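**Student:** Have a look at this one before I ask anything.
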Amino acid sequence: MNNQTIPSGFNEIAWVEAQIERYGPMVGGAALRSLLGFRTTAAFQKARLQGQLGVAVFPLLGRMGVFAVTEEACAWVLAQRQSQSTATGKAGSRLPGKGGVMT
């Protein structure tokens with residue numbers, strides 16, 4: 001299998017629909033952190049404070065933390081997957097910088 005291409009067996013639309021079914025139209029808290037690929041709350045908070053999450057987050061009145069539209073978060077994850085698969089030269093290599101985090 002060529003490591004520079006996305007496997008054809010992955011159905012992006014079905015994956016996004018599964019995330020919306022799992023989290024609802026908005027995702028927040030540990031689920032948002034995990035969906036965006038952050039291992040710790042501290043890493044998520046640091047990226048958020050530096051404006052490097054890559055998706056728009058917003059507070060909800062009467063709720064703790066921040067939230068994002070699930071479909072937008074999924075679109076960002078898939079865009080990162082696409083950009084990494086086309087920009088990675090060989091298996092296991094990474095692009096320089098902060099792992100493709102958008103500002």
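**Student:** If you take the residues in the range 34-58 that are crowded, with 17+ Cβ neighbours inside 10 Å and among the β-branched types (V, I, T), which one is nearest to the chain's Cα centre (by Cα)?
**Tutor:** The extreme case among them is V55.
**Student:** Considering only residues that are outside any helix (DSSP H, G or I) and modelled with pLDDT of 95 or more, look in the range 43-59 and name the one that is farthest from M26 (Cα to Cα).
**Tutor:** Here the residue is Q50.
**Student:** Next up: Any residue at all in the range 67-84 that's of a type in the set (F, W, Y) and touching a Leu at 6+ places or on another chain (Cβ under 8 Å)? Break it down stepwise before answering.
**Tutor:** Restricting attention to the range 67-84, the residues satisfying the condition of being of a type in the set (F, W, Y) are 67, 76.
Still in the running and touching a Leu at 6+ places or on another chain (Cβ under 8 Å): 67, 76.
Yes, because at least one residue in the range 67-84 is of a type in the set (F, W, Y) and touching a Leu at 6+ places or on another chain (Cβ under 8 Å).
**Student:** Now for a different question. Does A31 fit the bill of being out of contact with any helix residue (DSSP H, G or I) (no Cβ under 7 Å at 6 or more places or on another chain) and either assigned to a helix (DSSP H, G or I) or open to solvent by less than 70 Å² (accessible area, probe 1.4 Å) (or both)?
**Tutor:** For A31, the condition - out of contact with any helix residue (DSSP H, G or I) (no Cβ under 7 Å at 6 or more places or on another chain) and either assigned to a helix (DSSP H, G or I) or open to solvent by less than 70 Å² (accessible area, probe 1.4 Å) (or both) - is not met.
**Student:** Continuing with the same structure: How many residues, within the range 67-76, are in contact with a helix residue (DSSP H, G or I) (Cβ under 7 Å, 6 or more places away or on another chain) and aliphatic (A, V, I, L, M)?
**Tutor:** Qualifying residue count, the range 67-76: 2.
**Student:** Can I ask one more? Would the range 77-100 turn up any residue that is at pLDDT 95 or above and assigned to a loop (DSSP other than H, G, I, E, B)?
**Tutor:** no
The values are calculated or read from the model by the stated rules, or taken from the named source; none is laboratory data. Please read all numbers here as calculations on a predicted model, not as lab measurements. Methodologically, a virtual Cβ is constructed for each residue, glycine included, from the backbone with ideal geometry; neighbour enumeration extends over all protein chains shown. Protein only, heavy atoms only, side chains kept; ligands, DNA and RNA dropped before computing areas. Shrake-Rupley method; radii C 1.70, N 1.55, O 1.52, S 1.80 Å.
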